[in-house]
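One structure is given below, encoded as structure tokens.
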Amino acid sequence: MIRLVKRQLRARYGWLPLEEMRNKVMLGHTAIGLRRFEDSEVRRLLATLPGGRRPAARVATVVLTYKRPDGLQRAVESVLAQTVRDQVVIVVDDGGGGLPELPADPRLHVVSLRHNINVLGVSRNIGMRLTDSPFVAFLDDDNAWHSNHLEVALAKLEEPAESRPDAVYTAMRRVTPDGEERDVLSVPFDRKLAWERCFLDSNPFVARRSRDLRFSRLRRKSSVAPKEDWELIYRFSKKHRVEHIPSATVDYVVNPNSYWTNWEAPAQP
């Protein structure tokens, strides 16, 4: 009977929001301590930045890393190679240690959390709060951008006020670990479709900075769905306009053993 009711609710309202409601009830208590940790780390790490000030630029890119030195080097190089030069790049090491030697670029700043927390939302929030910029972008250490990623996104975000969105996400070229293209994920934004399918990801996402632009602080284990990326964009789209750009500007590495993503599913809805 309970399973039947769940199926009926999911059919009517979509299953991702229902799962997220359950997460808030079951995991809401975890956000209290994580918010304190986030605030404490922002204060501590801000003091380590030049002049104790948040670096400012047209766009801030937050690169999250944990024990992937080779991937991190590739990710950072792809960010620094952007045709948009006016940016600040902040690498947030989730307490992994052993960071590789990164390019000596004045736009690049590297911070390490005092210990590993394995909560992607908190680590990304810290990166955002350590920067000052009109726009924010995100990249994980196993992925890479094409050199025009920020240029394509900002061209849309900086259109005249009456037509511009508050956030955009480009198409993703999904590749295997050896670099072979698997498919291209390009799904126009539709909030109703997002109720049912997890096609929203932070790696191609660029947004205008606002108070609503913050990731969930719930402690989500690998078995918990949906993930922080979906939650942020879905919630942000309630009050802000989000658009899709069909140009593929991100190389996203597919993990064949992923718990959450069904890589056998077609790229298009």
Count - residues of the range 134-156 that are surrounded by fewer than 22 Cβ atoms within 10 Å (Cβ to Cβ), farther than 27 Å from Asn118 by Cα and in contact with a Pro (Cβ under 9 Å, 6 or more places away or on another chain): 1
Asp142 fails exactly one of (1) farther than 22 Å from Trp230 by Cα; (2) not in a strand (DSSP E or B), namely (1)
Whichever residue in the range 195-232 is among the basic types (Lys, Arg) and within 11 Å of the chain's Cα centre (by Cα) and, among such residues, is nearest to Asn23 (Cα to Cα): Lys227
Does the range 73-86 contain at least one residue that is under 25 Å from Ala47 (Cβ atoms) and under 17 Å from the mean Cα position of the chain (by Cα)? yes
Options Pro100, Pro55, Pro106, Pro69; residue that is free of Cβ contacts under 8 Å to residues at least 12 places away in the same chain, farther than 18 Å from Leu232 by Cα and either surrounded by 15 or more Cβ atoms within 10 Å (Cβ to Cβ) or not small (Gly, Ala, Ser) (or both): Pro106
Any idea which of (1) modelled with pLDDT of 95 or more; (2) over 19 Å from Arg214 (Cβ atoms) is the one Asp39 doesn't satisfy? (2)
When the residues of the range 1-33 are narrowed to those that are among the aliphatic types (A, V, I, L, M), modelled with pLDDT under 50 and in a helix (DSSP H, G or I), which ends up nearest to Leu193 (Cα to Cα)? Ala11
Please verify whether the range 145-156 includes one or more residues that are without any contact (Cβ under 8 Å) to a residue 40 or more places away in the chain and farther than 16 Å from His244 by Cβ. no
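The values are calculated or read from the model by the stated rules, or taken from the named source; none is laboratory data. Everything numeric here is computed off the predicted structure, so don't read it as measured data. Every residue, glycine among them, receives a Cβ derived from its backbone with ideal geometry; neighbour counts consider all protein chains shown.
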